[in-house]
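Student: Shown below is the structure under consideration.
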């Protein structure tokens, strides 16, 4: 069962004095690229969160965010009275103004407000961690649903390539005969007498060079292996990518050896289906 690397998960936790919102977004990437944004109070938990998210999501460009909105009357910022009074005293020596206007100016200066460092409440953090895990489950479900859509598309396109290959196999005897006839006409146009036995020997040698029997068998096997890999328990986009490269190699070889326009048209159609598969494989975990 394949998973997409594209996903979104969100969870909201209401605490007595704050509302905590967790968001996780992911896009496709060759490796794990995790960007974490959170209030400074939770920074000490960042390493353990990175391990948790990396283990769950494995790969992708991931944006993880914790937003905190205060809903209570508590605040960690206080007016630094001695500093503000000193600012007002100095301002009176510079300008004339009432105390209210001077106070407005003073509170804008550095250190006018002092912020007490908060310590993490472990019970609160456990509640937040539970919501993070819930958001991870939601993004995992999202990725699985997206993966089902991709899988259906892959199966359709692999089937299309397989059907085109069957047409190539059916057409091959016709191609060989067309190549044989074209060579014979070429010799006749030279208006030269040739040894029939010698001609047949050279013809057999020439046709063997353009034989695609091995490529047809290998391509069939690669298509079956691709479907088998789709049915596996693990989602492995890189493995499917390698198989698609092998599929492309056999299709290209058939195209270069075909030397027959109707077959080359089928090859172009196979290439088109494969390119669409490769584009979508970039989104597979």
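The values are calculated or read from the model by the stated rules, or taken from the named source; none is laboratory data. Small disclaimer: the values here were computed from a predicted structure and weren't measured. Here Cβ is always computed from backbone atoms with ideal geometry, including for glycine, and neighbour counts include all displayed protein chains.
Student: How many residues does region 255-279 hold that are surrounded by fewer than 19 Cβ atoms within 10 Å (Cβ to Cβ), under 23 Å from residue 144 (Cα atoms) and in contact (Cβ under 8 Å) with a residue 60 or more places away in the chain?
Tutor: 1
Student: Among 282, 223, 219, 230, which is surrounded by fewer than 13 Cβ atoms within 10 Å (Cβ to Cβ) and over 26 Å from residue 181 (Cα atoms)?
Tutor: 282
Student: Next up: Among 251, 277, which is the only one that is within 30 Å of residue 26 (Cα to Cα) and modelled with pLDDT of 95 or more?
Tutor: Working: 251 fails: within 30 Å of residue 26 (Cα to Cα).
Matching residue, one of 251, 277: 277.
Student: Exactly one condition in (1) at pLDDT below 95; (2) assigned to a strand (DSSP E or B) is not met by residue 82; state its number.
Tutor: Only one criterion in (1) at pLDDT below 95; (2) assigned to a strand (DSSP E or B) is unmet by residue 82, namely (2).
Student: Then there's this: Tell me whether region 194-216 contains one or more residues that are over 30 Å from residue 25 (Cα atoms), surrounded by fewer than 13 Cβ atoms within 10 Å (Cβ to Cβ) and modelled with pLDDT of 90 or more.
Tutor: Yes, region 194-216 contains at least one residue that is over 30 Å from residue 25 (Cα atoms), surrounded by fewer than 13 Cβ atoms within 10 Å (Cβ to Cβ) and modelled with pLDDT of 90 or more.
Student: Further, regarding this structure: Looking at (1) touching a strand residue (DSSP E or B) at 6+ places or on another chain (Cβ under 8 Å); (2) farther than 23 Å from residue 284 by Cβ; (3) surrounded by 14 or more Cβ atoms within 10 Å (Cβ to Cβ), which is the only condition residue 103 fails?
Tutor: Just one mismatch for residue 103, condition (1).
Student: Go through region 218-230 and give me each residue that's free of Cβ contacts under 8 Å to residues at least 12 places away in the same chain and farther than 20 Å from residue 272 by Cα.
Tutor: If the condition is that a residue be free of Cβ contacts under 8 Å to residues at least 12 places away in the same chain and farther than 20 Å from residue 272 by Cα, then 228 is the only one that fits.
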